[in-house]
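Chemist: Pasting a structure here, questions to come.
The values are calculated or read from the model by the stated rules, or taken from the named source; none is laboratory data. Note that this is a predicted model, so its numbers are computed, not measured. Note: ideal-geometry Cβ built from the backbone for every residue, glycine included; neighbour counts use all protein chains shown. Only protein heavy atoms, including side chains, enter the accessible area calculation; ligands, DNA and RNA are left aside. Shrake-Rupley method; radii C 1.70, N 1.55, O 1.52, S 1.80 Å.
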Amino acid sequence: DSVFSHVVRAPEDPILGVTVAYNKDPSPVKLNLGVGAYRTEEGKPLVLNVVRKAEQMLLNDKSRVKEYLPIVGIAEFNKLSAQLIFGADSPAIGENRVTTVQCLSGTGSLRVGAEFLARHYHQKTIYIPQPTWGNHPKVFTLAGLSVKTYRYYDPTTRGLNFQGLLEDLGSTPSGSIVLLHACAHNPTGVDPTRQQWEQIRQLMRSKALLPFFDSAYQGFASGNLDEDAQSIRMFVADGGECFVAQSYAKNMGLYGERVGALSVVCTAADVASKVESQLKLVIRPMFSNPPIHGASIVATILKDSNMFNEWTIELKAMADRIISMRKQLFDALRARGTPGDWSHIIKQIGMFTFTGLNSKQVEFMTREYHIYMTSDGRISMAGLSSKTVPHLADAIHAAVT
Ligand SMILES: Cc1[nH+]cc(COP(=O)(O)O)c(CN[C@@H](CCC(=O)O)C(=O)O)c1O
């Protein structure tokens, strides 16, 4: 018999597995509110017009070949990605203190950064928010870091547990790595205010904590790319060092193209260049060099001011539709007199609402109403439309009464 007969069947992924269950459900009223992927009012995935236009331009360009990219990816894509997240006028970029390498979307950027840190950084523990994106602990553990948490969400207020956050970060060993969601915290939809970010920055710099930003929703939280990068830019402005993982999955709708970048901001240009040389030693045995198509689309859009503007308009429209879904769901629950305070639905930002529903209530909603969502009570607002809000509101109402 097989030498793998001892292999046990692994459970489905808590997030991506929701789609697997959804696809198996024959119900005509089923609703997938699991995976954080944008859907239109018609409930369909969206390929941005500006992405289609960029792809057409690439197809028409007969000079394009399919050669290997350099280990660090498309240089122009890396430069444009750094400008997008740090700002085109960022002194760190002007002083050549930033190295950016193209990675496999946000996950790949986090992994490459974590592997680098496990090899070259004196502290091997990363502190991640409680709760956070389900894949974070696995990515960092497998990269060789040890994972601890810091308090982030307050279930009673359904807001930020700012005191707990400050206490926990304040009691970490100096030099520890700290994971920060740049904006649109997943799964809670709760972000620090600008003032709170400043307090976090001061505390972290006073203890020489190393910020590792995860930016997967730039432009999706507020609808404005610069606004959603402010937390990162505050840290870079103080001249300190940080890691930033960037994903184009959501804000450009390039989910399956796996387009992302890892940036490392250093205090000196020669350090940045040595860091880049070591990042190449992480990437080469991992995936050798990154895929050409998605990053070419992004570079085509970012380098052309008209296409960039067209992108910002389409991005804002996606963000606005999600905000209108929040309002409609909130109004629908109020109209039903659903017990409980549901104002967090309109206070939270980004793609997700952290409803506060427990796993039993989620199971009920899946069984009786064919609502598919993660067991922690998170729903992807992008999966809703005006037509399906009533069905979800009925399900929530039934689950809590
Ligand atoms: C905070 C965060 N960081 C990184 C990623 C990785 O994205 P990518 O660029 O595709 O590697 C995601 C996607 N998380 C949503 C998508 C599905 C997934 O879990 O992956 C989600 O939480 O639904 C995040 O939510």
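Chemist: If you look for lysine pairs in region 1-142 that are eight or more places apart or on different chains, how many of them have Cα atoms under 23 Å apart?
Modeler: Summing the qualifying lysine pairs gives 8.
Chemist: With no solvent and one equal point scatterer placed on each C-alpha of region 299-401, evaluate the Debye formula and give log10 I(q)/I(0) for q = 0.09, 0.19, 0.20, 0.21 Å⁻¹, two decimals.
Modeler: With one equal scatterer per Cα and no solvent, log10 I(q)/I(0) is -0.28, -0.87, -0.95, -1.03.
Chemist: Taking every pair of alpha-carbon atoms in region 166-271, what share in percent sits in each 5 Å bin, from 0 to the bin with the longest distance?
Modeler: Going out from 0 Å in 5 Å bins, region 166-271 shows 2, 12, 22, 24, 19, 12, 7, 2, 0 percent.
Chemist: Show me the ranking of peptides 6-15, 34-43 by mean Cβ neighbours inside 10 Å, starting with the highest.
Modeler: Averaged packing, sorted descending, gives the order 34-43, 6-15.
Chemist: Solvent-accessible area per residue for the chain at a 1.4 Å probe radius, Å²?
Modeler: Ligands and nucleic acids excluded, the figure is 44 Å² per residue.
Chemist: Let me have the 222 nm mean residue ellipticity of the chain computed from DSSP H runs of 4+ only, each contributing -39500 (n - 2.57), with the sum over all residues rounded to the nearest 500.
Modeler: -13500 deg cm²/dmol
Chemist: Then there is this: Let me see the pair-distance distribution of region 53-124: every alpha carbon pair, 10 Å bin width, integer percents in order.
Modeler: Calculated over all Cα pairs of region 53-124, the distribution is 16, 35, 35, 11, 3 percent.
Chemist: Compactness ratio of region 1-132: Cα Rg over 2.2 N^0.38 Å, N = residue count?
Modeler: Cα Rg divided by the expected 2.2 N^0.38 Å: 1.51.
Chemist: Also, I was wondering about something else. Distance from a point 7 Å along Cα→Cβ of Glu95 to each backbone N in region 215-239: keep the residues under 13 Å and list them by number.
Modeler: 236-239
Chemist: Going by a ≥ b ≥ c, the root eigenvalues of the Cα gyration tensor, does region 131-214 fall in the rounded group (a/c under 1.5), the prolate group (a/b larger than b/c) or the oblate group?
Modeler: Oblate, since a/c reaches 1.5 and b/c is not below a/b.
Chemist: Moving on to the next point. As an exercise, use a Förster radius of 60 Å and the Cβ-Cβ distance of Asn60 and Ser171 to find the FRET efficiency, rounded to the nearest 0.05.
Modeler: 0.55
Chemist: Show Lys360, Lys79 ordered by accessible area, largest first, where the area counts protein heavy atoms only and the probe is 1.4 Å.
Modeler: I get Lys360, Lys79, largest accessible area first.
Chemist: Leaving out ligands, DNA and RNA but keeping every protein chain, what accessible area does Thr366 have, in Å² rounded to the nearest 10, with a 1.4 Å probe?
Modeler: 40
Chemist: Continuing with this model, one more query. Counting only protein heavy atoms, what percent of the accessible surface of region 96-211 is carbon or sulfur at a 1.4 Å probe?
Modeler: Percent of accessible area from carbon and sulfur atoms in region 96-211: 51.
Chemist: Which three semi-axes in whole Å describe the equivalent ellipsoid of the chain, each the square root of 5 times a Cα gyration tensor eigenvalue, listed largest first?
Modeler: They are 33, 26, 22 Å, listed from largest to smallest.
Chemist: Show Val3, Val51 ordered by accessible area, largest first, where the area counts protein heavy atoms only and the probe is 1.4 Å.
Modeler: Accessible-area ranking of Val3, Val51, largest first: Val3, Val51.
Chemist: Pull up the DSSP beta bridges for the chain and report the antiparallel fraction as a percent, rounded to 5.
Modeler: 50
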